[in-house]
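What follows is a set of notes on a single structure, which appears directly below.
The values are calculated or read from the model by the stated rules, or taken from the named source; none is laboratory data. These numbers were taken from a predicted model, which means no experiment stands behind them. With ideal geometry, Cβ positions are generated from the backbone for all residues, glycine too; neighbour counts draw on all protein chains shown. Quick note on the areas: whole protein, heavy atoms, side chains included, nothing else; ligands and nucleic acids left out. Shrake-Rupley method; radii C 1.70, N 1.55, O 1.52, S 1.80 Å.
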Amino acid sequence: MRKTTALLLSIGFSAIALAQDYSAAKPGELLQVPLTSLHPTQAAVGYDQIFYKLGRFANERNKLFDEYCEANGQGESASVPGDADLHKPDSFSCQSAVGTRSSEMKTVVIGPQGKLFLTDGHHTFTVLMEYPDAGADLNMWVRVTDNFSDSADMASFWQRMAQAR
């Protein structure tokens, strides 16, 4: 019974995260979002790179935190104690504050219904989703490059995406 309840709660929270509407976000704005709220714009990823990073993180734990910090525009990790946890950002430190190096951040475009479409970071975020101590509910910071939430439908959204390259 407990497992069923936990599963139902988990599904409910996932649906809430997926239903989040980001249509008010402006270009340049930084958003902290769970990985589950990101929709890919890249059809495929190179799993050789993903498996390489997963193996490297298993052998060099600090590199995992470097990846996390860099993706959040914070440079590399500065201090990673033995009990550091990606789900508890106050348990470790990065070189800089979130967004300090915004050009290094992963980017999104806001699409219809305020959904987030990832335009850079497919490999990094796939690695973090696959890593046992991270996962799909890990919160990451992303930078909004465009807001096309006013697109009439998905076809016009993709046309605007193609025109914006």
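Would it be correct to say that THR100 is more than 14 Å from the chain's Cα centre (by Cα), open to solvent by 10 Å² or more (accessible area, probe 1.4 Å) and among the β-branched types (Val, Ile, Thr)? Yes; evaluated as a whole, the condition is true for this residue. Applying the criterion of being out of contact with any strand residue (DSSP E or B) (no Cβ under 8 Å at 6 or more places or on another chain) and either more than 20 Å from GLU104 (Cβ to Cβ) or modelled with pLDDT of 95 or more (or both) to the residues of the stretch 16-45, the residue that is surrounded by the most Cβ atoms within 10 Å (Cβ to Cβ) is THR36. Can you confirm whether the stretch 73-80 contains a residue that is open to solvent by 20 Å² or more (accessible area, probe 1.4 Å), among the hydroxyl-bearing types (Ser, Thr, Tyr) and in contact (Cβ under 8 Å) with a residue 40 or more places away in the chain? Checked the stretch 73-80: no residue is open to solvent by 20 Å² or more (accessible area, probe 1.4 Å), among the hydroxyl-bearing types (Ser, Thr, Tyr) and in contact (Cβ under 8 Å) with a residue 40 or more places away in the chain.
Table: residues versus (1) in contact with a Gly (Cβ under 8 Å, 6 or more places away or on another chain); (2) closer than 27 Å to GLU29 by Cα; (3) open to solvent by less than 20 Å² (accessible area, probe 1.4 Å); (4) in contact (Cβ under 8 Å) with a residue 24 or more places away in the chain.
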{"residue": "ALA84", "(1), (2), (3), (4)": "no, no, yes, no"}
{"residue": "SER91", "(1), (2), (3), (4)": "no, yes, no, no"}
{"residue": "CYS94", "(1), (2), (3), (4)": "yes, yes, no, yes"}
{"residue": "VAL109", "(1), (2), (3), (4)": "no, yes, yes, yes"}
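Residues GLY121, GLY135, GLY75: which one is at pLDDT below 95, farther than 20 Å from LYS26 by Cβ and small (Gly, Ala, Ser)? Matching residue, one of GLY121, GLY135, GLY75: GLY135.
The residues of the stretch 144-163 that are open to solvent by 40 Å² or more (accessible area, probe 1.4 Å) and in a loop (DSSP other than H, G, I, E, B), listed by number, are ASP150, ALA152, ASP153. In the stretch 131-143, is there at least one residue being open to solvent by 20 Å² or more (accessible area, probe 1.4 Å), acidic (Asp, Glu), within 15 Å of PRO34 (Cβ to Cβ) and within 13 Å of the chain's Cα centre (by Cα)? For the stretch 131-143, residues open to solvent by 20 Å² or more (accessible area, probe 1.4 Å), acidic (Asp, Glu), within 15 Å of PRO34 (Cβ to Cβ) and within 13 Å of the chain's Cα centre (by Cα): present. Among the residues of the stretch 119-130, just one is open to solvent by 10 Å² or more (accessible area, probe 1.4 Å) and aliphatic (A, V, I, L, M), namely MET129. Remark: pairs (first residue in the stretch 44-70, of a type in the set (Val, Ile, Thr); second residue assigned to a helix (DSSP H, G or I); Cβ separation under 7 Å; 6+ apart in sequence or on different chains) = VAL45/HIS122; VAL45/HIS123; VAL45/THR126; ILE50/HIS123; ILE50/THR126; ILE50/VAL127; ILE50/GLU130.
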